[in-house]
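The values are calculated or read from the model by the stated rules, or taken from the named source; none is laboratory data. Since we're looking at a predicted model, the values are computed, not measured. Backbone-built Cβ (ideal geometry, glycine too); neighbour counts: all protein chains shown. Note: areas computed on protein heavy atoms with side chains; ligands, DNA, RNA excluded. Shrake-Rupley method; radii C 1.70, N 1.55, O 1.52, S 1.80 Å.
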Amino acid sequence: MAQLHDFDFATWDHYLQQQIGKTIPWHAGADHLDHPLYDSELFKMLHEFKGSDFYDAKFQRTLMQKELATPITESDIIDIANDSNDFFKLRAIISMIIENEKFFEGMWAAMLEKGILKKLLQRLHQTTPSDFPIW
């Protein structure tokens with residue numbers, strides 16, 4: 001079945017490749033604390049992903065069903081990015097990363113700079129079932 005809300009993996013793969021090794025700048029905010037300064041393209045990509053059928057709004061439930069121990073560490077995420085062929089686990093992990101920046105400021109920076117988000121999205125794309133989304 002055709003996807004109704006698609007995500008352009010090829011375009012964003014190119015963007016993410018450019019972010020590997022690039023340091024995300026931090027700046028002092030009005031609260032006198034440092035905050036990462038993300039570019040508008042990142043927000044555009046995340047918005048597109050959240051609007052696609054790939055976003056898992058119930059990622060916490062999915063992660064529990066997949067028996068992932070909490071808290072999920074960066075090392076766990078790297079292992080999943082390198083080894084997982086579980087489409088639903090990958091989808092939930094990416095959705096968790098998107099939502100958890102507000103709780104773990106700088107998470108996106110780490111995922112971008114180290115190429116982890118790029119690898120997760122590549123694996124998600126590779127493991128997408130031919131009949132996704134299932135209605």
* Which numbered condition residue 45 fails, given (1) within 16 Å of residue 115 (Cα to Cα); (2) outside any helix (DSSP H, G or I); (3) without any contact (Cβ under 8 Å) to a residue 60 or more places away in the chain -> (2)
* Only one of 109, 81 that is open to solvent by less than 20 Å² (accessible area, probe 1.4 Å), out of contact with any helix residue (DSSP H, G or I) (no Cβ under 8 Å at 6 or more places or on another chain) and not charged (D, E, K, R) -> 109
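Does residue 32 satisfy the criteria of being at pLDDT below 95, over 17 Å from residue 123 (Cβ atoms), open to solvent by 60 Å² or more (accessible area, probe 1.4 Å) and in contact with a Ser or Thr (Cβ under 9 Å, 6 or more places away or on another chain)?
For residue 32, the condition - at pLDDT below 95, over 17 Å from residue 123 (Cβ atoms), open to solvent by 60 Å² or more (accessible area, probe 1.4 Å) and in contact with a Ser or Thr (Cβ under 9 Å, 6 or more places away or on another chain) - is not met.
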* Asked: Looking at region 50-57, is at least one residue exposed (fewer than 12 other Cβ atoms within 10 Å of the Cβ) and among the acidic types (Asp, Glu)?
  -> no
* Can residue 39 be described as among the acidic types (Asp, Glu) and open to solvent by 90 Å² or more (accessible area, probe 1.4 Å)? -> no
